[in-house]
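Below you'll find the structure, written out as structure tokens, and then a few comments.
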Amino acid sequence: MADENELTGATARRRPKPDVLEIGGRKLKPSTLMMGHGFDPALSEGALKPPIFLTSTFVFENAAAGKRFFEGVTGKRPGGAEGLIYSRFNGPNQEILEDRLGLWEDAEDALSFSSGMSAIATLLLAFLQPGDVVVQSGPLYAATETLIGRILGRFGIQWVDFPAGATEDEIAATVERAKGMGRVGLVYLESPANPTNALVDVEAVRRVCDAAFDADVRPPIAIDNTFLGPLWQQPLRHGADLSLYSLTKYAGGHSDLVAGGITGSRELINQIRMIRNTIGTITDPNTAWMLLRSLETLELRMSRAGENAAKVCAFLRDHPKVESVGYLGFLTEGRQADIYRRHCTGAGSTFSLYLKGGEKESFAFLDALKIAHLAVSLGGTETLASHPAAMTHLSVPEDRKAALGITDNLVRVSIGVEDPDDLIADFDQALKAV
Ligand SMILES: *Cc1c(COP(=O)(O)O)cnc(C)c1O
């Protein structure tokens, strides 16, 4: 039995089989590595899938090992924790998840969180101090705007923003203005913006920051990559330092969990890890396990949803009851199309549908849908539709709503993996009901 004990938990973690990351010089793709990377079945009774490790703490082999692990986790010794200590810091399921999450963007490291918002909050706590200014793109996810503006505002942190579609000159002017207000602690982006779908030129933001700051004081550039990542947009390749996710959306993909993630350079990730270790914003083992299952089909799901969205949008664009469709795949010319070609490999499956009419027509359409569910959120296997002006953005002031294009005839749609012709039939009959 002694042998068996050695095969589980912290003891065995020190000798897993080395991961196969390439074969004959061919670097294996994330979609291949999602099935096995970071887990050796021999360490868990031969189980093909990792068990869910429901434990609050991990037993050290001896006192010296415990000391070594703590030296790693407290930063007394560089290189991070060598072994597992306590489940607020990490666990096997979360570590496998983080190893696999990082692969999509070739990131040095990754962290998982209990929600997208807890990932964002932990990131902000890691890099900001009183008197700092956050330079951000606008609009941001509503809870992120509340967190930075209202909650961090109480701690003396200010923010300035540029519109998501801003030019390099406009971004540079915003950064200059911020420098005049205080230390710029963080550049925080979200692209595409919701519900405008305006794309941020991450490459331009990086050029502006490299020119405006000495290398040793350049603020980290973080971007909320929930809408297109990790399949269709990989901002770490375009100059961002940290790419963050509500894993609740496409990565989780089944509308059955809430989680967050951050990928990026080891140095910055370690600073965020230190805060996460302190406050406990890590995801739980069960959710981490669910996400491992989700990541196995991430490419399949996102590809199918993307293909479905292209077909549905092509149908909607020409429909007589539709005013316009805000879908990235329809960008053909101008600055937004240029950003799209440089930054994105797909148009996603979330778009803005502007009907002819107002709230009455939008509500009639939403109430008539038979396959698509009337719910907020996005990126799941099922198609969802909602009315931003009356739901997610209800509390946004009228002038801001108008500036963002959040009109009463706007319906937000997230396409799932159903049969595309069934979806078109559903949208067609719902439009007839308008
Ligand atoms: C949903 C969402 C979040 C928040 O994520 P939670 O998992 O709900 O905490 C942040 N940013 C974007 C763009 C989102 O869509």
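Summed over region 106-122, residues that are surrounded by fewer than 21 Cβ atoms within 10 Å (Cβ to Cβ), away from the ligand (no atom under 16 Å from the Cβ) and assigned to a loop (DSSP other than H, G, I, E, B) total 2. Of all the numbered requirements in (1) in contact with a Pro (Cβ under 6 Å, 6 or more places away or on another chain); (2) modelled with pLDDT under 95, GLY79 misses one, and that requirement is (1). When you check ALA337 against the structure, is it out of contact with any helix residue (DSSP H, G or I) (no Cβ under 7 Å at 6 or more places or on another chain) and within 30 Å of ALA259 (Cα to Cα), yes or no? Against the criterion (out of contact with any helix residue (DSSP H, G or I) (no Cβ under 7 Å at 6 or more places or on another chain) and within 30 Å of ALA259 (Cα to Cα)), ALA337 does not qualify. Please verify whether region 398-408 includes one or more residues that are within 16 Å of the ligand (Cβ to nearest atom) and either touching a residue at least 40 places away in the same chain (Cβ under 8 Å) or out of contact with any Leu (no Cβ under 8 Å at 6 or more places or on another chain) (or both). Scanning region 398-408, I find at least one residue that is within 16 Å of the ligand (Cβ to nearest atom) and either touching a residue at least 40 places away in the same chain (Cβ under 8 Å) or out of contact with any Leu (no Cβ under 8 Å at 6 or more places or on another chain) (or both), so the answer is yes. Exactly one residue among ASP132, ASP161 is among the acidic types (Asp, Glu), within 16 Å of the ligand (Cβ to nearest atom) and in the same structural domain as ARG218 (by the TED database), and that residue is ASP161. Flag set for ALA368, criterion: surrounded by fewer than 18 Cβ atoms within 10 Å (Cβ to Cβ), modelled with pLDDT of 95 or more and either of a type outside the set (A, V, I, L, M, F, W, C) or away from the ligand (no atom under 16 Å from the Cβ) (or both). Residues of region 254-312 that are over 19 Å from PRO230 (Cβ atoms), in contact with a strand residue (DSSP E or B) (Cβ under 7 Å, 6 or more places away or on another chain) and part of a loop (DSSP other than H, G, I, E, B): THR281, ILE282.
Kindly indicate the residue of region 30-44 that is part of a loop (DSSP other than H, G, I, E, B) and free of Cβ contacts under 8 Å to residues at least 40 places away in the same chain and also nearest to the chain's Cα centre (by Cα) among those meeting that condition. Checked region 30-44; the qualifying residue nearest to the chain's Cα centre (by Cα) is GLY36.
Residues that are within 19 Å of the chain's Cα centre (by Cα), more than 16 Å from the ligand (Cβ to nearest atom) and not in a loop (DSSP other than H, G, I, E, B) were ranked within region 187-204; the one that is surrounded by the most Cβ atoms within 10 Å (Cβ to Cβ) is VAL187.
Here GLY348, GLY334, GLY357 are screened, and the one residue that is buried (at least 21 other Cβ atoms within 10 Å of the Cβ) and on the phi > 0 side of the Ramachandran plot is GLY348.
Residue selection: ALA173 fails the criterion of being under 23 Å from ALA193 (Cα atoms) and either assigned to a loop (DSSP other than H, G, I, E, B) or within 16 Å of the ligand (Cβ to nearest atom) (or both). For region 395-432, filtering for residues that are exposed (fewer than 13 other Cβ atoms within 10 Å of the Cβ) and at pLDDT below 95 leaves 6.
Once region 217-274 is narrowed to residues that are within 16 Å of the ligand (Cβ to nearest atom) and charged (D, E, K, R), the residue that is nearest to the chain's Cα centre (by Cα) is ASP224. For region 205-258, a residue qualifies if it is surrounded by 24 or more Cβ atoms within 10 Å (Cβ to Cβ) and charged (D, E, K, R), and exactly one does: ASP224.
The values are calculated or read from the model by the stated rules, or taken from the named source; none is laboratory data. Quick caveat, the model's predicted, so the values are computed rather than measured. Heads up, the Cβs are rebuilt from the backbone with ideal geometry, glycines too, and the neighbour counts pull from every protein chain shown.
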